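*Asks:* Encoded as structure tokens, here's the structure I'll be asking about.
Nothing in this text is a laboratory measurement; each read-out follows from the coordinates by a stated rule. Owing to the predicted nature of the structure, the values given are computational and were not obtained by experimental measurement. Glycine also receives a Cβ, built like all others from the backbone with ideal geometry; neighbour counts cover every protein chain displayed.
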Amino acid sequence: MKKLLMLLVGFPWAVGATTASDNYIFNASQPLVIVTQKGEFAPFGGSELGNVGDQTGREIIDKRMAKRVRQLWRYSESGSPERVSAIIKADYVGCDRSLVVQTEGGDSGVLYSTRPIRSIPFSLADADLKRARDEGRRLLSDALRHRKVTSDWIAELLEGATVTPVRVRAWRSPMLVVTTNGERKERTLSAFLIASLAKNGRYALLEKTVEIGSASDSEGYAGTWDLGLHVDLNGDGDEELLMFHGAYESFSAVLMQWDGKKWREVASNGGGC
């Protein structure tokens, strides 16, 4: 994710860019959120692309939206941000048919936008990054022990854990997003933590989700949590989180924003059967 963030901020338009109109944001092929000219988040759903079919079975595509998405910015985990052509069409999202955007070269991006995303460079020195990762794994280990996870499984989950520093201006040090997922002996586990630096110089949890369930092909599946992207979408200096959540026969993307006191969901999309 650090590599993707640097790709987003590595272009001359990324810093100090002005927004002439609302920015329509897509996660993969689905509408996610609108960033207004004032930097506010507004709902953006499939109905704004048109209607999946009238009484004759034909799709009704909004002509103004089709023109707006004709050229999109595509952001992926490898390669530079690029302009791609796009069209609106009907397709299946999970088991439901809806209108989506189909982009040139297929759906190979984490995020698409009608206007360039404004962001600011963010990186940590190697020593600070190591400390952040150590703190994140400490918090994860404590959370797993609290749920009585066995020490050998904890070791596996820590090995596969991801600790990502995230910029929030009000804090001297970055917040940490920690995720891990695992399956062992017909049991599944997913963990999603957010932490900030406390007055004692150690990181403390702001958010904690630890789910333990049955095998992944069962309704009791614990699901998965992964950080898809952290980037300042509305240009206010704070990064938003795009979290990917997998559940039994369903999936979703959740956009979260720091409101000064807590992280809150501002938009989501997804599908299932």
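*Asks:* What trypsin sites (Lys or Arg not before Pro) in region 175-249 are in a loop by DSSP, with at most 14 other Cβ atoms within 10 Å of the Cβ?
*Replies:* For trypsin sites (Lys or Arg not before Pro) across region 175-249 that sit outside H, G, I, E and B with at most 14 neighbouring Cβ atoms in 10 Å, the list reads K185, K199, R202.
*Asks:* Are there any chymotrypsin sites (Phe, Trp or Tyr not before Pro) in region 105-205 that are in a DSSP loop and have at most 15 other Cβ atoms within 10 Å? List them by number. Present the calculation step by step, with values, prior to reporting the outcome.
*Replies:* Details: sites: Y112, F122, W153, W171, F192, Y203; in loops: F122, W171.
When the chymotrypsin sites (Phe, Trp or Tyr not before Pro) of region 105-205 are filtered for loop state and at most 15 Cβ neighbours within 10 Å, W171 remain.
*Asks:* Percent relative contact order of region 126-272, based on C-alpha pairs within less than 8 angstrom and at least six residues apart?
*Replies:* Normalised by residue count, the contact order of region 126-272 is 15 percent.
*Asks:* Using only alpha-carbon positions, what ratio does the radius of gyration of region 203-273 give when scaled by 2.2 N^0.38 Å?
*Replies:* On the way: Rg = 14.1 Å, N = 71, 2.2 N^0.38 = 11.1 Å.
Its radius of gyration relative to the 2.2 N^0.38 Å reference: 1.27.
*Asks:* How high is the relative contact order of region 185-273, given as a whole-number percent (alpha carbon pairs under 8 Å, six or more residues apart)?
*Replies:* On the way: 187 pairs, mean separation 16.9, N = 89.
Computed over region 185-273, the figure is 19 percent.
*Asks:* Follow-up question, since we're still on this one. Between region 165-218 and region 88-125, how far is it from one alpha carbon centroid to the other, in angstrom?
*Replies:* 25 Å
*Asks:* Something else now. Against the empirical 2.2 N^0.38 Å scaling, what ratio does the C-alpha Rg of the chain come to?
*Replies:* Relative to the 2.2 N^0.38 Å estimate, the chain comes out at 1.06.
*Asks:* Taking all pairs of distinct Cα atoms, average 1/r, flip it, and tell me the Kirkwood hydrodynamic radius of region 68-158 in Å to one decimal place. List each step's numbers first, then the result.
*Replies:* Values: mean 1/r = 0.0579 Å⁻¹.
So the Kirkwood estimate lands at 17.3 Å.
*Asks:* Only sites in a loop by DSSP and with at most 14 other Cβ atoms within 10 Å count here; which GluC sites (Glu not before Pro) in region 204-257 make the cut?
*Replies:* For GluC sites (Glu not before Pro) across region 204-257 that sit outside H, G, I, E and B with at most 14 neighbouring Cβ atoms in 10 Å, the list reads E219, E249.
*Asks:* Project the alpha carbons of region 23-113 onto their principal axes and report the range along each, largest first, in whole Å.
*Replies:* Extents along the principal axes, in whole Å: 42, 32, 24.
*Asks:* Could you tell me the relative contact order of the chain? Use alpha-carbon pairs under 8 Å, at least six residues apart, and round to a whole percent.
*Replies:* Relative contact order for the chain comes out at 16 percent.
*Asks:* Just to be sure I follow: if Rg is taken over the C-alpha atoms of region 126-272 and Rh is the Kirkwood radius over the same atoms, what is Rg/Rh?
*Replies:* When Rh is taken as the Kirkwood radius, the ratio is 0.97.
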